[in-house]
Amino acid sequence: MKHINVALFVPHAGCPHQCSFCNQKTISGSIKPLTPEDVTAACDIAKNGGVTRETSEIAFFGGSFTAVDRDYMVSLLEAAKPYIDGGYFGGIRISTRPDAIDDERLEILKNYHVTSIELGAQSMDDDVLKINRRGHTAKDVENASRLIKSYGFSLGLQMMTGLMGDTDEKCIKTAERLIALSPDTVRIYPTIVLENTPLADYLRDGSYRAETLNEAVSLCARLLLMFRENNIKVIRLGLHSGGNVDEGYLAGAYHPAFRELCEGKIYLEKMLSELSKLPKDMPYVIEVPEKSIGKAKGQNKRNEKALLNNGFQCKIKGNEFLNDYDIKITEDI
């Protein structure tokens, strides 16, 4: 059954910094602050639409939730609490900064039925964090993560690729350090350069080169496998389309089906790796998970074309008994 969150956007008010990639300070003046009445209205709509506690959470995203004014934060939680008490939603999910977590805040969140906390780590390289004006360190991420888990919250961590000063090697090390913190979920976002951001200025003066789509797909495919191999669920890979992305996009690895591209890359590399052990003068059948036939073939059948260009004649078909990213190759008799 599909999981559906009631997503509530908290503007930039809680964040004391403007990170290199963020344009929230520019647009926040045009965004109406979220009110308790807004929370009530959104929850009522979802409740009347038949959501269940097993399939839905209330999610406060967009800003640094625990860094906003304390009374304001509590007022939003107060508005959401009756819907948790009434059994309409499974809990509350929030996102925040690593340096806006402490015992006092966590006690408040616990009392108001918050179940999941996501931290915007973005990188675990202190030089990258400093260059991109994050205002926190990798140690802050580690300390906050351990504290969150000690209170029994579900921990989510977010990382970015292609930041200024970043490299593939640094991203791999970031993933390794995030894995060591045993998060329940991870989100991976390739850096997008938006208008009215420091990165836009760096792009124009030539001091920053944006990550290309192919570069991001290759790297994020590796990251996706790393987290999967450690039983950590990647719940988002790439930015949602719409809103600020569509309006202010300048450069970077943005694609509305970015995850599908990454998963297609995984299948292609696995197929080529296994086929390299076999003779090219034979036709083959490659079985993949039933639900992943399209990903294995690639968008616009690019993977099928790549196999042919490498000298392999293959048919790709589904096998309902295979797990994600597993393949089985046999001769096509």
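Every number in this text was worked out from the coordinates using simple rules, so none of it is lab data. Small disclaimer: the values here were computed from a predicted structure and weren't measured. Don't worry about glycine lacking a Cβ; one is built from the backbone with ideal geometry, like all the others, and counts go over all protein chains shown.
Over segment 261-326, what is the relative contact order in percent, taking alpha-carbon pairs closer than 8 angstrom and at least six residues apart?
44 percent
Could you give the angle, 0 to 90 degrees to the nearest 10, between helix 138-150's Cα long axis and the longest principal axis of the Cα atoms of the chain?
Approximately 80 degrees, to the nearest 10.
In terms of Cα to Cα distance under 16 Å, which aspartates and glutamates are near enough to Lys81, apart from those fewer than 8 places away along the same chain?
Lys81 reaches Glu37, Asp38, Asp44, Glu57, Asp71, Glu107.
Looking at segment 285-314, which GluC sites (Glu not before Pro) are DSSP coil and have at most 14 other C-beta atoms within 10 Å of their C-beta?
none
Between Glu215, Glu54, Glu176, which gets the highest mean-square fluctuation from a Gaussian network model of the chain, Cα cutoff 10 Å?
Maximum fluctuation in the GNM of the chain, among the listed residues, is at Glu54.
Nearest 10 degrees is fine. How inclined is helix 213-229 to the longest principal axis of the chain, computing both from alpha carbons?
For 213-229 against the chain, the angle is about 80 degrees.
Taking 7 Å along the Cα-to-C-beta vector as the label spot, tell me the Glu274-Ile235 distance in nanometres, rounded to one decimal.
Taking the simple label geometry, Glu274 and Ile235 are separated by 3.2 nm.
Kindly state, to the nearest 0.05, the FRET efficiency for Asn309 paired with Asp168, given R0 = 25 Å and r defined as their beta-carbon distance.
The value I calculate is 0.50.
Figure the gain on full extension for Thr330 and Met282 (residue separation times 0.36 nm, minus the Cα-Cα span) and round it to one decimal in nm.
Here the answer is 16.3 nm.
Percent relative contact order of the chain, based on C-alpha pairs within less than 8 angstrom and at least six residues apart?
12 percent
Pull out the extension gain between Asp69 and Arg146, defined as 0.36 nm times the separation in residues minus the alpha carbon to alpha carbon distance; nm, one decimal.
Length difference between fully extended and current span is 25.3 nm.
At a Förster radius of 45 Å, what calculated FRET efficiency corresponds to the Cβ-Cβ distance of Glu54 and Arg302, to the nearest 0.05?
0.75
Taking Lys291 as the anchor, which lysines have their alpha carbon closer than 24 Å to its alpha carbon, excluding any fewer than eight residues away along the same chain?
Leaving aside lysines fewer than 8 places away in the same chain, those within reach of Lys291 are Lys2, Lys233, Lys265, Lys270, Lys301, Lys305, Lys315, Lys317, Lys328.
Could you tell me the calculated FRET efficiency between Lys291 and Asp102, based on Cβ-Cβ distance and R0 = 45 angstrom, to the nearest 0.05?
Calculated value: 0.60.
What is the antiparallel percent of DSSP beta bridges lying wholly in the chain, to the nearest 5?
Bridges in the chain are about 15 percent antiparallel.
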